[in-house]
Amino acid sequence: MSTPVAELRGHDGAKRIPTVHGHHFRNVLGRFATGVVAITAIDPETGKACGLAANSFTSVSLDPPLVAFCVAHTSTSWPRLKAAGSLCVNVLAEHQQQICAQLATTGGDKFAGLSWTRSPGGGPVLDGALAWLDCTVENEHVAGDHVIVVAKVHQLDKHEDGGPLVFFRGGYGRFHA
């Protein structure tokens, strides 16, 4: 339900833009279900797998094939992923909630106990992921407290069958068609 225009104008007729509070913003936008991905790479300095979890992932273009995801400015993983040059986006399956939580933590060995193989581009493909996409960063756009990363897809494939890991109203769930 939209707010009538009259409610957005003050007594003097001037247009008023209401203040949007972070908690309310998150609560309202949490009603939009998203899939969850793991963005992975091999850290060029250590040779070890590195990664992060994101629920802000979308396709952007078919020609050229582009995808986008958002990363917080405070991310300590993003600089390592970006330095790798080649990224692998893993579409997480409904049974991979623990992997998502592990990759969303700060610091430590995020890949401890995780099984994975290398994609053709060299990035970690997590066992059980529904699909993978080998990408390189095309552009970054500063947007508030995040960076919007646009990446070109070079190779991709489905990996496993099953339902996706879905994030909705602050929690994880499932979707079955």
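Here are the numbers for the structure shown:
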| read-out | value |
| --- | --- |
| G162, sole failed condition from (1) closer than 18 Å to D43 by Cα; (2) open to solvent by 40 Å² or more (accessible area, probe 1.4 Å); (3) small (G, A, S); (4) more than 15 Å from the chain's Cα centre (by Cα) | (1) |
| Filter result (open to solvent by less than 70 Å² (accessible area, probe 1.4 Å) and β-branched (V, I, T)) within the stretch 102-143 | T105, V125, T136, V137 |
| Unique residue being at pLDDT 95 or above, closer than 16 Å to A54 by Cα and among the aliphatic types (A, V, I, L, M) when the list is L165, L114, L103, L156 | L103 |
| Count of residues meeting criterion [basic (K, R) and closer than 20 Å to S56 by Cα] in the stretch 116-152 | 1 |
| Qualifying positions in the stretch 52-68 - under 18 Å from Y172 (Cβ atoms) and of a type outside the set (S, T, N, Q) | L52, A53, A54, F57 |
| Cβ pairs under 7 Å, 6+ apart, first in the stretch 117-146 and farther than 12 Å from V37 by Cβ, second acidic (D, E) and buried (at least 19 other Cβ atoms within 10 Å of the Cβ) | S119/D134; P120/D134; G121/D134; G123/D134 |
| Those residues of the stretch 42-101 which are surrounded by fewer than 19 Cβ atoms within 10 Å (Cβ to Cβ), of a type in the set (V, I, T) and not in a loop (DSSP other than H, G, I, E, B), in sequence order | T58, V60 |
| Some residue of the stretch 132-140 being out of contact with any Cys (no Cβ under 6 Å at 6 or more places or on another chain) and closer than 25 Å to G22 by Cβ | yes |
| Hits in the stretch 144-159 - residues which are open to solvent by 40 Å² or more (accessible area, probe 1.4 Å) and not charged (D, E, K, R) | G144, H146, I148, H154, Q155, L156, H159 |
| Residue check, F32 assigned to a helix (DSSP H, G or I), within 21 Å of V147 (Cβ to Cβ) and either at pLDDT below 95 or open to solvent by less than 40 Å² (accessible area, probe 1.4 Å) (or both) | no |
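The values are calculated or read from the model by the stated rules, or taken from the named source; none is laboratory data. All figures in this text were calculated on a predicted structure; none of them were measured in a lab. Positions of Cβ are generated from backbone atoms using ideal geometry, with glycine treated the same way; all protein chains shown enter the neighbour counts. Quick note on the areas: whole protein, heavy atoms, side chains included, nothing else; ligands and nucleic acids left out. Shrake-Rupley method; radii C 1.70, N 1.55, O 1.52, S 1.80 Å.
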